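Below: one structure, written as structure tokens.
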Amino acid sequence: MATAFDMEEDNPLLTLERIVQTEGSLHEFMSEVDLTNLGSDVVQDYQRDCTSREDWAKIVREALKSAAQETKGDAKNYPFQNASDVKYPLLTIAATEFNARAYPAIVKGDETIQVKVVGSDKGKPVMEQTPFGPVPKTQMQLNPETNEEEPLMMDGKPTPVWDIPPGFKSARAQRVKDYLNVVLNYRTVNWEGDTDALLYQLSIAGCGFRKQWWDNRKGQPCSAYVPALRLVAPMDAPDIETVPRLTEEIPEQYPYLIERKMKSGQYRRVDLMPTGDDEQEPRVLLEQHRYIDMDGDGYDEPYIVTVDLETSEVLAIIAAFDAGTIKMGPDGVTDIEKTVFYTKYDFLPHPEGKFYGIGLGHLLAQLGGVIDTTINLMIDAGHAQVAGGGFISSGLRLQGNGQSNTLRWRPGEFKVVSASAGALRDAIFERTVPQPSPIMMSLLQLILGAAKDVAAIKDVTSGDASNNGQVGTTLALIEQGLQVFTAIYKRVYRSLKAEFKVLYDNIAKYGGEATAIDYANIVDDLAADFAKDFATDDMDIRPVS
């Protein structure tokens, strides 16, 4: 792929640094033919990845409809027209209960982020060389009686001169924690609302993503919840760190918004033909994180390519790496660390090690189908028994008083017909309908019990248990019933830890003078030093959930 970069620079590192420093889209440095091929590759790879995860995605789509109690719209015609089509709200109950427990347990007020001190916080004294080896340097004070300097004593021991005073890490951690919580809870738009939606859909779909980026216009970090159905990856990819590409579907992009970005230079100027009669009908854009050899050195670098799905036109190309992450060897580039934008949340890891996790929608799909079928069969049997029906001999004539051969009754109504009572008894045969089987009811209870075990819905945890048990026994049952939830919470906390690290790194990497001033004003501490407190090259403190 020939570009303007490889024609002007012979030094690979200088070429990559120029790519990173280029403001706006990099599409101007590619030929029209290469842009056409790139757009086609993006759409084809996206469609290939959609196909690889189609089985997983189909279950998720059906599960989301089932949890929302949506009907299919078409009347059920088996075992007869307009037969019962009840959906037992098992998945709705399970997802609502998980969300009700997880949301308040994970988002506790405005102290969402904690900062952990790594290693000892006892301080580091200044060392000085003596004939006996290096020893801590001691603070000296002037004795007014002898007018001589002597060691400053504290609790009967000499006070050392501190290079790093005791408690320095804890004080730094407290400042960083306060600032991160302000940014997350009061400045990141709808972070808590997105977390609520994430926890609800996570239990159904089994997977969800949080996208984080730095907004240069606002000068602050931003985040958004991305449902798993809208972020497409190869199903066989082992994890989000090594996945070769990620494609985010960006729906409902109105043409006038795209036109504004074209005028501002953010998007490439192309003609996008309307997809329908309405010229302002929203379009679907693909934002694909993939590898491209932009500089022609034989090493693929990470980029973000935005493409219109309908036309495969490339709208923008942005570098997804920083110059400081480029590693060089004797033969050129050996490694480039891609910028992290997405944090992956799993409800349960896929049993086969696939990319997307699984949720209650997958676990309850078959059991839910059996439960719905059994309930509808019992309703249909009761309906048939109440409605009745049978056979009437063709020789019986019921016409009279304006009536036809078909008679329908309202409760308490009698019909006058011309036939005699004996003729009616001999000519009408009522069909018999079996009553709902008690075995079917027992089977339904068995399947419901198994489904509740899978969904971890227990009477004792939902408040429906008997109140005759002892307090200690009930508490033990509650604790045991919540073990499944506890394991899932740990996975969520693990992902939150990764998300908060990205937030910390983004502030450290992109926060400039304005952020440093804002940091000092928020923490209101004379010891606050933005550059030192947000230094990512040490391991003194780590943000955790």
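The values are calculated or read from the model by the stated rules, or taken from the named source; none is laboratory data. Just so it is clear, the model here is predicted, and its values are computed rather than measured. For neighbour counting, all protein chains shown are included, and Cβ atoms are generated from backbone atoms with ideal geometry for every residue, glycine included. Calculation scope for accessible area: heavy atoms of the full protein, side chains included, ligands and nucleic acids excluded. Shrake-Rupley method; radii C 1.70, N 1.55, O 1.52, S 1.80 Å.
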Hey, if we sort Asp196, Asp278 by accessible area with the 1.4 Å probe, largest down, what's the order?
-> Asp278, Asp196
Projected onto the charge dipole of segment 119-263 (+1 at Lys/Arg Cβ, -1 at Asp/Glu Cβ, origin at the Cα centre), which of Ala173, Gly123, Ala228 gives the Cα projection farthest towards the positive end?
-> Ala228
Using modelled amide H (1.01 Å from N, peptide plane; none on Pro or chain starts), what sits under 5 Å from the amide H of Ile164, excluding residues fewer than 5 places away?
-> Lys124
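What number comes out for the charge environment of Met140, summing +1 per Lys or Arg and -1 per Asp or Glu over other residues with Cβ under 11 Å away?
So the environment of Met140 carries a net charge of -2.
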Take every Cα pair under 8 Å in segment 310-422 that's 6+ residues apart, average their separations, divide by the length, and report that relative contact order as a whole percent.
-> 11 percent
Starting from the Cα of Trp162, move 7 Å in the Cα-to-Cβ direction to define the label point; list residues of segment 121-146 whose amide nitrogen is under 12 Å from there.
-> 121-126
Between Trp213 and Thr373, take the C-beta separation as r, use R0 = 60 Å, and let me know the FRET efficiency to the nearest 0.05.
-> 0.80
Quick one: dipole size for segment 50-151, taken about the Cα centre, charges +1 on Lys/Arg Cβ and -1 on Asp/Glu Cβ, in debye to the nearest 20.
-> 980 debye
Whole-number percent relative contact order across the chain, with pairs defined as alpha carbons under 8 Å at least 6 apart = 19 percent
Cα gyration tensor of the chain, axes a ≥ b ≥ c as square roots of the eigenvalues: rounded (a/c below 1.5), prolate (a/b > b/c) or oblate?
-> oblate
Which trypsin sites (Lys or Arg not before Pro) from segment 12-78 combine a DSSP loop assignment with at most 12 other Cβ atoms within 10 Å?
-> Lys72
Residue range of the chain that is longest and free of GluC sites (Glu not before Pro) which are both DSSP loop and sparsely packed (at most 15 other C-beta within 10 Å) | 414-545
Point-charge dipole on Cβ atoms (K/R +1, D/E -1) for the chain, about Cα centre, debye to 20 | 3400 debye
Any idea which of Asn82, Leu526, Gly265 is furthest toward the positive side of the dipole for the chain, if Lys and Arg beta-carbons carry +1 and Asp and Glu beta-carbons -1?
-> Asn82
Taking K and R as +1 and D and E as -1, what net charge do the other residues with C-beta under 14 Å from the C-beta of Lys338 add up to?
-> -4
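Want the number for Val118 to Thr71: 0.36 nm per residue separation, take away the alpha-carbon distance, what's left?
Numbers: separation 47, 0.36 × 47 = 16.92 nm, distance 5.33 nm.
Contour length minus the Cα-Cα distance gives 11.6 nm.
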Could you name the lysines whose alpha carbon sits less than 16 Å from that of Lys497, not counting residues in the same chain fewer than 8 places away?
-> Lys108, Lys116, Lys177, Lys211, Lys344
Helix-derived mean residue ellipticity, 222 nm - over the chain, DSSP H n ≥ 4, -39500 (n - 2.57), to 500 | -12500 deg cm²/dmol
Distance in Å, no decimals, from the C-alpha centre of segment 294-366 to the one of segment 136-192 is 42 Å
Which longest uninterrupted range of the chain lacks any chymotrypsin sites (Phe, Trp or Tyr not before Pro) assigned by DSSP to a loop state (not H, G, I, E or B) and surrounded by at most 15 other Cβ atoms within 10 Å?
-> 133-408
Can you give the extra length, in nm with one decimal, that the chain gains between Met328 and Arg408 once fully stretched, where that is 0.36 nm per residue apart less the Cα-Cα distance?
-> 20.0 nm
